[in-house]
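The values are calculated or read from the model by the stated rules, or taken from the named source; none is laboratory data. The structure displayed is predicted, hence computed values, not measured ones. No Cβ is skipped: glycine too gets one built from the backbone with ideal geometry, and neighbour counts run over all protein chains shown.
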Amino acid sequence: MLLERLNQTQQTDGNFQKEIREAENRKKRAEKMSGFLYNDYADGLLSESDYLYAKKKYLKEAESEGQRILELQEMEKRHRTGCSGESRLGPLVQEYKDFGSLTEGIIHSFISRVLVYSNERLEIEFRFKDEFEELLAVVEERGGGICRKEAWAGADM
């Protein structure tokens, strides 16, 4: 179920692209409007204070949209990396997704080492700690519900 939900990326990628295009259009519009202001000021249609106020407003809007574009691009990148199987983790998850019992191959594929302490405590180091954390970040961005980050936080990765 997790794999099915996380592999539905095509529509989400399109949504990111649409939002990025819209933000780029808003940024261009704000920059364009900022440029037109001087002409209005030079023609006497705007007072100096109105010109400075409007210019500041449009420049701030353009800067805000530029920041939004960067955020959307980063979210799209994380979404693509976390869900498309581009990482080394993807092929292994596909290979072992329907395992019936834990085998030595599965253990060696996902776990780099197991530390056993004298007080009956185990510490497990996973091979794909970063990829697991990235996947959890993507799940969180999608509204959680699939799994919880706190469940992983208790495990020693």
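For region 33-83, a residue qualifies if it is acidic (Asp, Glu) and in a helix (DSSP H, G or I), and the qualifying residues are Asp40, Glu48, Asp50, Glu61, Glu63, Glu65, Glu71, Glu74, Glu76.
Within region 1-57, being aliphatic (A, V, I, L, M), surrounded by 13 or more Cβ atoms within 10 Å (Cβ to Cβ) and modelled with pLDDT of 90 or more holds for Ile20, Ala23, Ala30, Met33, Leu37, Leu46, Leu52, Ala54.
Criterion applied to Glu95, Glu63 was being under 30 Å from Asp40 (Cα atoms) and either at pLDDT below 70 or acidic (Asp, Glu) (or both), and the one residue passing it is Glu63.
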